[in-house]
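Structure record follows, encoded as structure tokens.
Bear in mind that the values in this text are calculations on the coordinates, not laboratory data. Every value quoted in this text rests on a predicted model; they were computed, and no experiment measured them. A quick note on method: Cβ atoms are made from the backbone with ideal geometry, for glycine too, and the neighbour counts reach across all protein chains shown.
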Amino acid sequence: MRSASGRRKLHLHHDYYDDYDRSRACRRCCCIGFLLVVVLAAIVALVLFLVLRPRRPDFSLQDARIVSFRVEQPAPLTTSGMAVLLSMDLELTLAAHNPNKVGIRYSATRIYIYYRRNFVGLAVAPAFYQPARSSGLVRASIVVDRVNVLQATAEDLLQDAASGIVKLDLRGKIPARIVVLGIQTPRIEVGISCEIAVSPRQQQLVSKQCGVKNVNLD
């Protein structure tokens, strides 16, 4: 016959393996439950995609109002060479069109301004929500105060200003999320690219060309 201590050890041994088996079963159930949630989420996303068929939102530069635009060459020249100062105050109006069956929520957007690939200024467009199948306007201001243009492009800027046309490039990535039944999808980025030509003499916009370049998913 087994002693009392032997029976106690055997009982503890059985309890240990019972707890171990229950722990393994619990972990297995958790893994299966997690996989089911992932599969269901993927199925729901696929169904929503097939039903809604999300399309790329459209952006264009509706208007660019020139409040002021000035190119200066201070005298005397600096010891480092030619110095040309660029000052401008522009008010941009972007037209946004949402062709989808659901709304889109846009985050605040930074629009970078370049002259001959050199950064000269920045505009910030506010965050906004756009309902399904609607169009709206977004406004942003650009204020550049006596920015010293790089020497490599200073002479080009003087020549362009003298000819009456200065061309600028506007680049930006607009963060957005599609909203379905109050739930926001993963973020997408809409790349926008614009080319504008400004007349310093007439203080007005001469031409513009703007469009959506790409859509990136996070």
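Could you tally the net charge around residue 113, taking each other residue with its Cβ under 14 Å from the Cβ of residue 113, Lys/Arg +1 and Asp/Glu -1?
+1
Using the Karplus curve 6.51 cos²θ - 1.76 cosθ + 1.60 with θ = phi - 60°, what ³J(HN,Hα) values do you get for each residue of the stretch 86-98, in whole Hz, with x for Gly and Pro?
10, 10, 7, 9, 10, 10, 9, 10, 9, 9, 10, 10, 10
Count charges around residue 150 for me, please; just the other residues with Cβ under 14 Å from its Cβ, Lys/Arg as +1, Asp/Glu as -1.
With Lys, Arg at +1 and Asp, Glu at -1, the net is 0.
For residue 73, what charge total do you get from the other residues with a beta carbon under 15 Å from its beta carbon, if Lys and Arg give +1 and Asp and Glu give -1?
Computed value for this residue: -2.
Using amide H atoms built in the peptide plane, which far-off residues or other-chain residues are under 5 Å from residue 60 H to H?
95
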